[in-house]
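Worksheet: one structure, shown below.
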Amino acid sequence: MPHPTPTPEQVLRADLARALAAEVAGEADFSVTARALTTMDASNYRRVPLGTVAPRDADDVAATLAVCREYGVPVVARGAGTSIAGQATGVGVVLDFTRHMNGLLALDPEARTARVQPGLILDRLRDAAAPHGLTFGPDPSTHSRCTLGGMIGNNS
């Protein structure tokens, strides 16, 4: 029995997955499971992405953007997926910052500043700042799982 001809989306997904795997040190996952896990956020919206990338660092983010630009594929940056208006979903490539880019890089209590990666969960920052009498202003109900990058991207 002959194999069915792949759809244009299947060809694009396979080509994009190969290109990203060659350029990114983090994980490029185009499996059914990875796609299903990022199909939704806390909203009622459902959009199936082509795949996901868990970048290890800023170089991976730049490489992902370059490959996606070459293929004409949109990119959605994602934190914990707690958005309630569909902002964390998309039909292109989802950048998942929670796996590797989730660190608190620096906390300066005197300057009252912190440098964080986009996948850092709000409560981790608050826990580090609390002994210094500091906190981070927004207080979303999802504080135990929302990320700083997601909060900023969603204007929390």
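Of all beta bridges that DSSP places with both ends in the range 75-116, some 50 percent have antiparallel geometry. Once the Cβ-Cβ distance between Ala111 and Ala62 is put in as r, and R0 is 22 Å, what FRET efficiency do you end up with, to the nearest 0.05? Computed FRET efficiency for Ala111 and Ala62: 0.20.
Can you send over the carbon and sulfur percentage of the accessible area for the chain, probe radius 1.4 Å, protein chains only?
Result for the chain: 54 percent of the exposed heavy-atom area is carbon or sulfur.
Summed over the residues of the chain and divided among them, the accessible surface reaches 57 Å² per residue at a probe radius of 1.4 Å. Rounded to the nearest 5, the antiparallel percentage of DSSP beta bridges internal to the chain is 55%. Note on Tyr71/Ala128: beta-carbon distance plugged into 1/(1 + (r/R0)^6) with R0 of 25 Å gives a FRET efficiency of 0.05.
Here is how the number arises for the chain: DSSP H runs of 4 or more residues each give -39500 (n - 2.57), the sum is divided by the residue count, and the result at 222 nm is -9500 deg cm²/dmol. Label reach from Asp15 (point 7 Å along Cα→C-beta): in the range 54-75, amide nitrogens under 12 Å belong to 70-73.
Annotation for the range 92-128: trypsin sites (Lys or Arg not before Pro) lying in DSSP loop with at most 13 further Cβ atoms inside 10 Å of their Cβ are Arg112.
Taking 0.890 mPa s as the viscosity and 25 °C as the temperature, the Stokes-Einstein diffusion coefficient of the chain based on its alpha-carbon Kirkwood radius rounds to 148 µm²/s.
The values are calculated or read from the model by the stated rules, or taken from the named source; none is laboratory data. Keep in mind it's a predicted model, so treat the numbers as computed, not measured. Cβ coordinates were reconstructed from backbone atoms using ideal geometry, including for glycine residues, and neighbour counts include every protein chain displayed. Quick note on the areas: whole protein, heavy atoms, side chains included, nothing else; ligands and nucleic acids left out. Shrake-Rupley method; radii C 1.70, N 1.55, O 1.52, S 1.80 Å.
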